[in-house]
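Novice: Below is one structure. I have some questions about it.
No lab work stands behind these numbers, since they all come straight from the coordinates. Quantities reported herein were computed from a predicted structural model and do not represent experimental measurements. Here the Cβ positions follow ideal geometry from the backbone for every residue, glycine too, while neighbour counts run over all protein chains shown.
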Amino acid sequence: MAQMMKVCIVGASGKLGIYMVQHALDRGYEVVGVCRERSVEKLDAFKGRITVIPGATNDRDVIKRAVAGCDGVLVVLAPMGVHQYASGTAQAVLDLARPGARLVFSCGWHITRDGKDVYSWKIKVLVNVVGRLARLARVVDLDDQVEACRRVFASDTRWTVVRGSDLEEGESQGLPVWSRHVGDPILKSNITQRVDFALFMVAALANDELVHEAPAIVGRKTPSALAHAAGK
Ligand SMILES: NC(=O)c1ccc[n+]([C@@H]2O[C@H](COP(=O)([O-])OP(=O)(O)OC[C@H]3O[C@@H](n4cnc5c(N)ncnc54)[C@H](OP(=O)(O)O)[C@@H]3O)[C@@H](O)[C@H]2O)c1
């Protein structure tokens, strides 16, 4: 594939988004970031180095302007609010990115592509109980993230859905390792540095082996990843 030149980061002002902006700039990519108007100042450190398009990420006019001419689009699917924010965002990107563009979406392990993921009781409780309570409180809507991913999986664009484990802040361990299914022993440690989640997203833009995959990731220096590498 020709070298990636211009990428759009949808949800650039969040924790994951800011790390993705940095990784993209490190690779010499031209960056266009989209974030809510009130969050633009969170990108001040990048002033003059990226283009910021303020607006709701599920606003099709905003996305249309932002993805124009982009070879790749990185999308933070945030399960925020209860107004089809994530699914509206995903749909706009799927419809409006140029044909052939590389599209990389973020979500959590709770998203399943083929129903073959095996979840611990902790994740089940988190999704069922906490997810329901959060929806009632109208702050988080996991179902909307599920719907967003369903639309991505059904699309014939060149997508990857990166499924994050629990996250923490800390020094990079390098590119996370991944598996097609949660429940694989390699993932057991269930922790990734947030900076490395971002690294995996940005690296996926140039990795065609990840097209039409939904990798579940884990930190490469976690005990479960190291045990796998040692062949245990
Ligand atoms: N946190 C975890 O442990 C975890 C685990 C697995 C997977 N993930 C996945 O990782 C990704 C990002 O997670 P993160 O923890 O690193 O968070 P993050 O980067 O801070 O992302 C939060 C995003 O949600 C937006 N947002 C917050 N409140 C909003 C609202 N009311 N309406 C619209 N947008 C709103 C933020 O935009 P503003 O900057 O405008 O506020 C930001 O873009 C998501 O795809 C998530 O599913 C997270």
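Novice: Would you check the chain for Lys pairs whose C-alpha atoms are within less than 20 Å, ignoring same-chain pairs closer than 8 in sequence, and give me the count?
Specialist: Lysine pairs, 8 or more places apart or on different chains, close enough: 11.
Novice: Further question on the same structure: Can you sort Met5, Met201, Met20 so the residue with the fewest Cβ neighbours within 10 Å comes first?
Specialist: Values: Met5 12, Met201 26, Met20 30.
Exposure proxy ranking, most exposed first: Met5, Met201, Met20.
Novice: For every helix of n ≥ 4 consecutive DSSP H residues, a contribution of -39,500 (n - 2.57) applies; sum these over the chain, divide by its total residues, and give [θ] at 222 nm rounded to the nearest 500 deg cm²/dmol. Don't jump to the answer; show the numbers that get you there.
Specialist: Working: 8 runs with 73 residues, N = 232.
Taking each H run of at least 4 residues, the total per residue is -9000 deg cm²/dmol.
Novice: While we're on this one: Please arrange Cys35, Cys8 by counting, for each residue, the other beta carbons lying within 10 Å of its beta carbon, fewest first.
Specialist: Cys35, Cys8
Novice: Let me ask something else. Where the only charges are on Cβ atoms (+1 Lys, Arg; -1 Asp, Glu), what is the dipole of the range 7-153 about its Cα centre, to the nearest 20 debye?
Specialist: Numbers: 21 positive and 15 negative charges, 50 e Å.
The calculation lands at about 240 debye.
Novice: Take the Cβ-Cβ distance between Asp184 and Asp61 as r, set R0 to 45 Å, and report the resulting FRET efficiency rounded to the nearest 0.05.
Specialist: On the way: r = 41 Å, r/R0 = 0.92.
That gives a FRET efficiency of 0.65.
Novice: A further question on this structure: Antiparallel as a % of all DSSP beta bridges within the chain, to the nearest 5?
Specialist: Details: 4 of 34 bridges.
If I count the DSSP bridges inside the chain, around 10 percent turn out antiparallel.
Novice: Please give the contour-minus-distance gain from Ser155 to Glu171: 0.36 nm per residue of separation, less the Cα-Cα distance, rounded to one decimal in nm. Don't skip to the answer; put the middle values down first.
Specialist: Numbers: separation 16, 0.36 × 16 = 5.76 nm, distance 3.53 nm.
Stretched fully, the Ser155-Glu171 segment lengthens by 2.2 nm.
Novice: So which GluC sites (Glu not before Pro) in the range 154-232 end up in coil per DSSP with only 10 or fewer other C-beta atoms within 10 Å?
Specialist: Values: sites: Glu168, Glu169, Glu171, Glu209, Glu213; in loops: Glu169, Glu171.
The qualifying sites are Glu169, Glu171.
Novice: Another one. Which of the helices in the chain meet the span-like rule: DSSP H, Cα axial reach of 20 Å or more, Kyte-Doolittle mean at least -0.5?
Specialist: TM-like helix candidates: nothing returned.
Novice: Answer rounded, prolate or oblate for the range 91-230, using the Cα gyration tensor with square roots of eigenvalues a ≥ b ≥ c: rounded when a/c is under 1.5, else prolate when a/b is larger than b/c, else oblate.
Specialist: oblate
Novice: Shifting gears a bit: Can you put His110, His83 in order of Cβ neighbours within 10 angstrom, beginning with the fewest? List each step's numbers first, then the result.
Specialist: On the way: His110 20, His83 13.
Listing His110, His83 from fewest to most nearby Cβ atoms yields His83, His110.
Novice: Still on this structure: Report the full-extension gain for the segment Leu25 to Val129: residue separation times 0.36 nm, less the Cα-Cα distance, to one decimal in nm.
Specialist: Full extension from Leu25 to Val129 adds 33.5 nm.
Novice: Now for a separate question. Counting pairs of Cα atoms in the range 105-163, how many percent are more than 15 Å apart?
Specialist: Numbers: 920 of 1711 pairs.
Here the long-distance tail beyond 15 Å is 54 percent of all Cα pairs in the range 105-163.
Novice: Which value, in Å³ per residue, describes the convex hull spanned by the Cα atoms of the range 1-89?
Specialist: Convex hull volume per residue, Cα atoms: 94 Å³.
Novice: I would also like to ask the following. Sort out for me the Cα centre separation of the range 44-100 from the range 198-232, rounded to whole Å.
Specialist: Rounded to whole Å, the Cα centres lie 25 Å apart.
Novice: Could you work out how much longer the chain between Lys15 and Val118 gets when fully extended? Use 0.36 nm per residue separation minus the Cα distance between them, nm to one decimal.
Specialist: Length difference between fully extended and current span is 34.3 nm.
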